[in-house]
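A short reminder: the numbers here are calculations on the coordinates, not readings from a lab. Every value quoted in this text rests on a predicted model; they were computed, and no experiment measured them. Using ideal geometry, Cβ is built from the backbone for each residue, glycine included, and neighbour counts are taken over all protein chains shown.
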Amino acid sequence: MPTKTHVQTRINGEDVDFLCEPRQSLLECLRDVVGLTGSKEGCNDGNCGACTVNHDGRIVDSCLVLGVEAEGKEILTIEGVASPEGLHPIQQAFLENAALQCGICTPGFIVASKALLEAEPNPSEQRIRLWLAGNLCRCTGYDKIVRAVMDAAGKM
Amino acid sequence: MAGGTDLIVLLRVNPERVNSPELIVDIKEIPELNELSYSATGGLTLGAAVPCYKIYQNPEVAKAYPGLIDAASLIGGIQIQGRASIGGNLCNSTPSADSIPAMIAHNVMCKIAGPNGTREVAVENFCTGPSQNVLESNELLVSLHFPPSPDNFGARYIRFIPRNEMDIAVAGAGVSVVLDNGTLKSARVALASVAPTPLLVNKISEALAGQPANEATVQEAGKLAKEAASPITDMRGTVEYRKHLCDVLTRRALAAAITRAKGGTVDAD
Amino acid sequence: MTTTAYDPNVVLATKTYDVVGTRPIRHDGADKVTGRAQYGADFRASGVLAAKLLRSPHSHARIKSVDISKAEALEGVRAVITGKDFPESGPDDTVTSSLGTFKAKRVREHCMATEKVLYRGHPVAAVAAVSPHIADEAVSLIEVEYAVLPPVTTALQGMADGAPILHDDVRTTEGGEEKPGNTNVAAHIQYKKGDVETGFAKADIIVEREFNTATVHQGYIEPHSCTVFWNKDGKVDIWNSSQAPFDIRDATAGILGVPLSDVKLTPMEIGGGFGGKWEPYVEPVAAILSKKTGRPVANAMTRAEDLEATGPTPGSYVKVKMGVTNEGKIVAGQAYIAFEAGGYPGSPVDAACQCVFAPYEIENALIDGYDVVVNKPKSAAYRAPGATHAELASEAVVDELAEKLGLDPIEFRLANAAKEGTRRVDGPLFPRIGCVEVLEAMKNHPHYTAPLEGPNRGRGVAIGFWVNAGLQSSATINVNKNGTASLIEGSPDIGGSRVGLAMQAAETLGIPAEDVHPAVVDTNSIGFTVGTGGSRVTFATGWASYLAAEDVNSQMVERAAMIWEIDKSSIEMDRGVIKSKSDPELKMTFKEMADQMDDTGGAIVGKGTIDPTGVGGAFAGLIVDIEADPETGKVSILRATIVQDAGKAIHPSYVEGQMQGGTVQGIGWALNEEYFMDDQGRMANATFLDYRMPIALDLPMIDTVIVEVANPGHPFGVRGVGEVPIVPPPAAVANAIYRALGVRMDRLPMNPVAIMEAVWAKGRSDGSSLPSAWA
């Protein structure tokens, strides 16, 4: 049995600890060890953004972070975006603007957009498109996603 | 491992390229590798592990080295820039690396540490072949030093990719100039993806020194870049197309560097 | 918010309803925006083992030996299988699904090869282990000896004399008969109308062009995944990401040699399909591993496996020749279409032949199509399969004819447009269709006449046709006491279809969309339903939902008759109100009747099942403005407007979504997507880094116009919308590039290298010096 490391971290505002092998990515740990399957694997090499999480205030591809690197970090996944009170304005905007079709890329887009709008409350269309360049969507052609982000910006 | 955005992928799909390691050392906590300090007289010391976003979010650095920001802000998308470092980009040592021509244009010196102490290597000499560099197996890249920019200095990195982000450069040109009253006191042009390593084209530096900063000089630089390039044909481009791009990108980057040297701004790519 | 002087999303509605045509929030929305929705790889079974497959590194080779002993010995490995663990196939054994009936031997060899590998990635063995990493290690310990053979990589190469032959049992079927002799051509299809020689003799202008298109992939963001458990009672349980549960159930049962009643398939939420998730790939493999180990077995493909070893759309060679009179009438059309079927026969070349000239009334036509096996993964459907390749060619030729005639491109198309009663070359008469209406809407859109100034800019237009499908669907509606209802159906929701089905049911029941709760269920829980694709869900499953709602309504009428003690023939139900035709005092709402179910006979369950005729074909048109960088060949999309006839847009937002998404896939296909094949027939770019799909930064907003020419064959007039929007973009972009740079491209993708080479060739051939911009 390969030796596992004990990782202590914070995920979605809760202290979480888990065991993992060094070769397991943060994405794999979230999905298969911690049980948070909201972040998705689309490519496993940083080219699609379906695994986007917020890591110490920056959006990253969790497939390119090792599980052991999460030690002591503050991680936000899609599961942590809504609050007990209700959906986040970005989530609501995605629904109202029909900004998802199959929905597989949606968690990555929501986590990425949230980081953008928290740093820049009123981004232009081009700024949104640049920020989301690392998130692939094959269903929507991005139009309604960009509209949803602009819509949410007006409501945050 | 710093950001890991190249290394983790290689470990999964092509570990032989990094000598199939059995141990990965995370260097992100080493203070010297995280240095990001700038002064107008001392220049910029960029630790090897500093992620791209810290560079372009630093207002002083962004103002002093727009040519570096050109590169740091287009590597791989926002998520990648949250982890990837310029030092890692350099150590990965592919000819297509976006940061290396920009660093060559800035006369960057690499500080390397090993069991026998530290040594310095000019960044244009760091890469020795595709995915090969001067680091011995017991050495570590510590930091990159950008000299303070002289007066009337301007630099620009432009690459060509088929989409608008997320692609590896088909070709790239990192250019810097120092102007003296409408004349090019000096110029440096380095090319990505058109040789086994990022390519500093000394012929252009020689040819441009003392020339007027005008269209004819720009055209001449483009021609020389095209001649100097020795690309291959692969799935990202053909020999003919890449050589042609060297001409195009060198002209565009040189014109932009001249604009910056005069105190002007250029559009984002 | 970006504002425009025009409405970026227009619905030219022809009929209004209470629910249909509105834009409620989709019922599965909250789950999908919070990460709670369970997709294929999110399913968790206790005791599950991870499966990984050993795949051929060669594109064409004979398998000489397979040694799995080292893999079996690795700690953590629970089973290793090869193709020999599949049931033996007799020469006449077949496997059937809605895609057709196929030789069982071929289907099993495709799943896992024992004799020959026919493409890089072709499975040869599989491992089940306690972790995916250990399974990967075990796979690397399996030793296979191959005798490598020269590969065939294009259709034309496969058709040439002396080409390596992939299968010794492939024969060309032509006119229903098999021609003798070894060949790579599995089928020759031909359609004729009138006489093309006479037709071309009448033509004043003839244009003939050839096109080569590279292999492209559906590119769904979620790779294939499945979990399979073969229980001790013989029942096989499958949970997977798929768009065709019954089809995959039936095919998997056939491959495993078990009755289809022993297999249950539960479709998880699906992260995109576009036609590529209609067939089993790993499911039978995981099933056999599960049988051997007694445990559930799960597999998720890597992106490289998905690109290399599932079902891309064929690469193709298409030649189109069309003739017009000086008055602008198309008098003859001829097409030669050769498709790369991949390692096994079955490309969509027939559909390509049906579509190539479909948008036009042409008296004389001859279409020849060839299905050619090559050493690439076996092709699968990709959104209007075959039509995009064919209509790239015909729409580019139409554009050239219009230019030579000096006619406006849309006016020329209008003058020749197919209408109700036009006979397609392959035989069917068009019913009421919206080709003319789409063209008119394009002509009238502000985009078409907006000034486009500046060098190296061009505007291109193209239209497209797709046949659409009917096929079987079923639905059940269970009424709840509080006046709501659940709608049970078997169409995986790839693009927001479940809300459209709920809306059709709600409209018919006369209750709000929010009060119908749609559920996509497993193959034991709903009547037979063909897969989600063919632009058929809103059409056919919607129709089944409508029938189920009508069934509920008629039962409610019967209950009312019971309560009011009058004959049910004197009661009607309309928009959720049940009332007596003669006595205005006697009425009650759906909700009030639901409340009385217990006392009037118990639960009300409605059912609907349909195999519809009256499928309405779909037309779409794209107007696209581009700017080309004349020094690099890079094309930027400045503006795009997609116009499409939806018959009736049940939920306009999701119709717009299909139009926008299909347009962008078409743009990717046009500009940068392709399989780069090395000289050994292997894909060199099996990552999303170098298989370049459009990103958000590559595009502007995609404006939409929904035209509604009601399909007389459907209760709400629905015409399927999912597929046709991918058809016009490659031709429209090619036509725009012509106007920007003066070159007519003859290949896909029209990537920067290809465009520069075309520009350079033009400069050299017409002796003109290069413009000063590039000196």
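Observations on the model:
- When each of C:Ile566, C:Ile477, B:Ile55 is scored by the number of other beta-carbon atoms lying within 10 Å, the sequence from fewest to most is C:Ile566, B:Ile55, C:Ile477.
- Averaged over the residues of A:141-152, the number of partner chain Cβ atoms lying within 10 Å of the residue Cβ comes to 6.
- The GluC sites (Glu not before Pro) of the range A:1-109 meeting both criteria, a DSSP state outside H, G, I, E and B (loop) and at most 14 other C-beta atoms within 10 angstrom of the site's C-beta, are A:Glu71, A:Glu85.
- Taken about its Cα centre, chain B carries a charge dipole of about 500 debye when Lys and Arg each add +1 at the Cβ and Asp and Glu each add -1 at the Cβ.
- Distance between the C-alpha centres of the range C:368-392 and the range B:111-134: 51 Å, rounded to the whole angstrom.
- A Förster radius of 41 Å, combined with the Cβ-Cβ distance separating C:Ser65 from C:Glu174, puts the computed FRET efficiency at roughly 0.60.
- Local charge for C:Phe274 was computed over the other residues whose Cβ lies under 11 Å away, with Lys and Arg +1 and Asp and Glu -1, and equals +2.
- Computed over the range A:55-156: relative contact order in percent, which uses C-alpha pairs under 8 Å that are six or more apart: 33
- Ordering of C:245-252, C:299-306 by burial proxy (mean other Cβ atoms within 10 Å per residue, highest first): C:245-252, C:299-306
- Annotation for C:Asp92 and C:Asp408: the two label points, set 7 Å from Cα along the Cα-Cβ direction, are 6.3 nm apart.
- Ignoring aspartates and glutamates fewer than eight residues from C:Lys232 along the same chain, the ones with Cα atoms less than 14 angstrom from its Cα are C:Asp262.
- Where only C-alpha atoms are counted, convex hull volume of the range B:153-261 per residue in Å³: 85
- DSSP bridge orientation in the range C:91-209 - percent antiparallel, rounded to nearest 5: 75
- 0 to 90° range, to nearest 10: angle between helix A:106-119 axis and chain A longest Cα axis: 70
- Using the average count of surrounding beta-carbon atoms within 10 Å as a protection proxy, the listed peptides C:488-498, C:754-764 rank, highest first, as C:488-498, C:754-764.
- Among residues other than B:Tyr53 with Cβ under 13 Å from its Cβ, the summed charge is +2 (Lys and Arg +1, Asp and Glu -1).
- Positive dipole terminus of the protein assembly as shown, leading residue within C:Ala128, C:Ser569, C:Ser261 (C-beta point charges): C:Ala128
- Each Lys and Arg adds +1 at its Cβ and each Asp and Glu adds -1 at its Cβ; summed about the Cα centre, the range B:142-268 shows a dipole of about 60 debye.
- Across the cross-link table entries C:Lys321/C:Lys443; C:Lys404/C:Lys648; C:Lys15/C:Lys443, which are compared at the Cα atoms, the separations over 31 Å belong to C:Lys404/C:Lys648.
- Highest mean packing comes first when the peptides C:698-707, C:532-541 are listed by Cβ atoms within 10 Å, giving C:532-541, C:698-707.
- Averaged over A:55-67, number of beta-carbon atoms from partner chains that fall within 10 Å: 6
- Cβ-defined net charge surrounding C:Ala365, 9 Å radius [Lys, Arg +1; Asp, Glu -1]: +1
- For the pair the range A:1-31 and the range C:138-216, the centres of their Cα atoms are 52 angstrom apart.
- Neighbour-count ranking [beta-carbon atoms within 10 angstrom, fewest first] of B:Leu23, C:Leu429: B:Leu23, C:Leu429
- Distance from the C-alpha centroid of the range C:217-270 to that of the range C:588-614: 32 Å, rounded to the whole angstrom.
- Taking the DSSP beta bridges with both ends in the protein assembly as shown, the antiparallel portion is around 80 percent.
- As a proxy for reagent exposure, B:His244, C:His167, C:His122 were ordered by neighbouring Cβ count within 10 angstrom, fewest first; the result is C:His167, B:His244, C:His122.
- Straight-distance candidates among the lysines for linking to A:Lys114, with alpha-carbon spacing under 20 Å and chain neighbours fewer than 8 residues away dropped: A:Lys40, A:Lys73, A:Lys144, A:Lys155, B:Lys54, C:Lys32.
- The mean number of Cβ atoms from other chains found within 10 Å of a Cβ in peptide A:32-40 is 4, as a whole number.
- Amide H contacts of C:Ala341 (H built 1.01 Å from N, under 5 Å, at least 5 apart or other chain): C:Val372, C:Val373, C:Val374
- Estimated distance in nm for a label pair at A:Glu125 and C:Glu143, the labels positioned 7 Å out from Cα along Cα-to-Cβ: 6.2
- Too-long pairs where the Cα-Cα distance tops 23 Å, listed order kept, from C:Lys64/C:Lys376; C:Lys481/C:Lys581; C:Lys192/C:Lys329: C:Lys481/C:Lys581
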